[in-house]
1. List the residue pairs whose Cβ atoms are under 7 Å apart, where the first residue sits in the range 51-63 and is over 9 Å from GLY117 (Cβ atoms), the second is aromatic (Phe, Trp, Tyr), and the two are 6 or more positions apart or on different chains.
2. Identify all residues within the range 40-71 that are at pLDDT below 85 and in a loop (DSSP other than H, G, I, E, B); write none if there are none.
3. Of (1) of a type in the set (A, V, I, L, M, F, W, C); (2) at pLDDT 65 or above; (3) more than 17 Å from the chain's Cα centre (by Cα), ALA296 satisfies all except one. Which?
4. List the pairs whose first member sits in the range 224-245 and is assigned to a helix (DSSP H, G or I), whose second member is among the aliphatic types (A, V, I, L, M) and at pLDDT below 85, and whose Cβ atoms are under 7 Å apart, counting only residues at least 6 apart or on separate chains?
5. Looking at LEU220, LEU238, which one is at pLDDT 85 or above and in the same structural domain as ALA151 (by TED's automatic domain parsing)?
6. Give the residues of the range 184-197 that are over 17 Å from TYR229 (Cβ atoms), among the aliphatic types (A, V, I, L, M) and surrounded by fewer than 17 Cβ atoms within 10 Å (Cβ to Cβ), sorted by residue number.
7. For ALA290, state whether it is closer than 24 Å to PHE147 by Cα and in contact (Cβ under 8 Å) with a residue 60 or more places away in the chain.
8. Among the listed residues VAL64, VAL36, VAL32, VAL26, identify the single one that is among the aliphatic types (A, V, I, L, M) and closer than 19 Å to ALA193 by Cβ.
Amino acid sequence: MSEAPSPSPHPAPAAPGRAGLALALVGVALGVGPAVLAYLSRFGPTPTERLPQLAVALYGLLFVGALVDLCAGLPRRRAGRRLGAVVGLALAAAAATALSPWGEWRYLLAPAAALAGGAALLAGRGPRRGLYAAGAVYLSATLLANFTLDAFLPLGGFFLVNVGTLFFGVTFTQRDRVHRYGRRAVYGTILTAAVANVLLAAALGTPRRFVLVSFLTIVLAEAADTEVYQRLLSRRWLVRVASSNAVSAPLDTVLFTLLAFWGQPYATPGWMAQVIVTDVLVKYAAGIVAALGMLALLRSVWPQARLGAALDPGAPPGGADTLAPAPADGRPGGDP
């Protein structure tokens, strides 16, 4: 049976060496990540002694978008081999970690969840596959951010880094990819994430105050980010990301810190100032790093693609984000 290529506007893929490096980085991060997350969750006033299975699965789903980006546009058999190579490396890394004092065998659930989610999306057809991939990553990152909302890493004599803040770089970037499908898709994704956070918090026994504050801050901060982003559709993608994050990061941090922790015995004015300053800086930096990292990953696999095409091979064309591969002569394409 001949291999039927997936419908994609991608140009020719990168050389095997560059793609292999990207696959290796994704595989290792997917395999060892749950052990790192479990370690980071032990910091703060209410440490988590054991990472829940749901959190392990959610971590695996964080990589669904990367797997789709790495495999989209390839013939089915080649895409299957690439997907298998990434997940196989992740399973090996997770197994090696399980043999150490920091790992557990149940962390193999993360690569399994990534494989199931990535395979399901790659098996689908149609222009909205990219939307579902970005939405799944956004939802998983948002849930993990709120799961680690009260874990704080001391950094130097002043800064306190909320572990959940590290996931916000992923949420910002994935939400901005959803913008390619229009305002309705963005708000639908935001509302879904807010409701899912309430349900997850209730299942994990999270205090009602945190549940309500989380829902409120997600809706308000993400709505503000969306409106700023939509008004900058004619600008370059990185400009839109940086500008919208400059509004949503401080808004989210100030609202959540004041509403969630005010009145707690440990939440002195000095402590909250530390958290707010650190979180704003880390969220903004994480958003930029995640955006640049995603572009580096995609361009290592599709080096001739325009930025718009690389950001989401499955998105519908139109507007400032029209998808278009680079010209056939290899000259760089435009940047929407």
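1. If the second residue must be aromatic (Phe, Trp, Tyr), the pairs left are ALA55/PHE147; VAL56/TYR107.
2. SER41, ARG42, PHE43, GLY44, PRO45, THR46, PRO47, THR48, GLU49, ARG50, LEU51, PRO52 - these are the residues of the range 40-71 that are at pLDDT below 85 and in a loop (DSSP other than H, G, I, E, B).
3. Condition not satisfied by ALA296: (3).
4. TRP237/LEU307; TRP237/LEU311; LEU238/ALA291; VAL241/ALA291; ALA242/ILE288
5. Answer to the check: LEU220.
6. Residues satisfying the conditions are VAL195, ALA196.
7. Considered against the rule, which asks whether it is closer than 24 Å to PHE147 by Cα and in contact (Cβ under 8 Å) with a residue 60 or more places away in the chain, ALA290 comes out as yes.
8. One residue alone meets the criteria, VAL64.
The values are calculated or read from the model by the stated rules, or taken from the named source; none is laboratory data. Keep in mind that this is a model prediction, so the values were computed, not measured. Counting neighbours? That spans all protein chains shown, and the Cβs are built from the backbone with ideal geometry, glycine included.
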